[in-house]
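The structure under discussion appears below in the form of C-alpha cells.
Any read-out appearing in this document is the output of simple, stated calculations on the displayed coordinates, not a laboratory observation. Model, not experiment: these values are computed from the prediction. In this analysis, Cβ positions are derived from the backbone assuming ideal geometry, glycine residues included, and neighbour counts consider all displayed protein chains.
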Amino acid sequence: MPDIGSIWAEFSPLLPPMWENIKGFANSSFTTSLAGAFAGAVAAQRIAEKGKFREELVKEFHNTNAVLSLAAAAATLALALKKQHVKALKDSYDDDLKRFKEHKEKILGHQTPPNTPFEMRPNLLYLDGISPPIATIQDIVLSRLSSVGRTISAVTALADSVKNLNSALSRRNELLNAFKSKQFPEGASFEHMYLGLPYGTRQTNQEYGGSVEAIHLYTNDIIFFSIKLCEDLRDHGEILKKRYKSRLRGIPPRISTVDFDTPRKDGLVPKDEDYEAWLSGFVTMQEIKPTWRQRLNPMTWFN
C-alpha cells in the first residue's frame, strides 16, 4: 500500500497548473456571462412575481370596493323599506293588539258595555318584495376575495334573510286578498283573522300577526347583516393595504367608506345585543407581529 507521502510527491506538481486552470475558467467571459444571466433571471422572476402580486392585489381592491357598494345598497334598500312601511306596519299592528287587550279588560271590568264594538285601524297596504343584488354579492365575496370567517357567514345570512322577507311579504299579500274577498274559515270574521282571536270551537289563526312579525324581523336581519358585511369588507380593505405596503411602493388604492350614523340615530339599525348568539361565534384574531430576529432574517424579506 503506497504511503501518503509518495502520493503527495507524485501529484503535488500538478496542483498549481490545475488551480490556475480553475481560476482562469472562473474568470472567463463564459463564466461571468453565465453568472450574470443567472442573476438576471432571478431578478426578472422577482420582478414578474411582484408585478403579478400587484395586479392581483389591485384587482382585489377593486372587487372589495364593488361589493362594499353593493352591500351598502342592500342596507339602504332595507332601511328605506323599514322607515317607509315596515315600522309603521309593526307599530300599527302592535297598537291594535294593545288596544284590543285594553278594550277586553274594560268589558270584563264592567267599564264598557259588552256589545261595544272594537274599533281597529288596520294597515292593509300591499308591500312588494325587494331585489338587492344578492347573487352578485355572493359571487364576489365567495369567488374573488380572500376573505374568510364572519364575512362569508354574513353573506349567507343576508341571502337567507332576503329570501325569507320576500316569502313573508308574499304571504301577507295573500292574506290581504283573502280578507278583501272575505274568505274566512267558518265561524271566523276579519277581527278573528286579523288579531288572531279564537273562533268557532276554540280555533285560532295567527298567520297575519305572524307575517307582520316575520316582515319586521327579516327586515332587521337584512339591515344588520348587510351593515356587518360592510364593516367586514372595510376591515378586509385595511388588510389589503397592509399587504400592499409590505411589498410594494406607492400609495395603495383607496377603500370606499359607508356611514350609517343617521339611521342608527333614528333607531332603524338593530342593536348588536339582538344578535349576540351570532356574533359570539366569531373571534377576532390579533395580528402576530414578527420578532426583531425574524425581521433581520433575509429569507423573510421576499415572502
Those trypsin sites (Lys or Arg not before Pro) from region 119-216 that are DSSP loop and have at most 10 other Cβ neighbours within 10 Å turn out to be 182, 202
Quarter of Cα convex hull surface for region 130-247, i.e. mean projection, nm²
9.0 nm²
Debye-sum result for region 44-176 in log10 I(q)/I(0), which assumes one identical scatterer on each alpha carbon, at q = 0.12, 0.19 Å⁻¹:
-0.69, -1.08
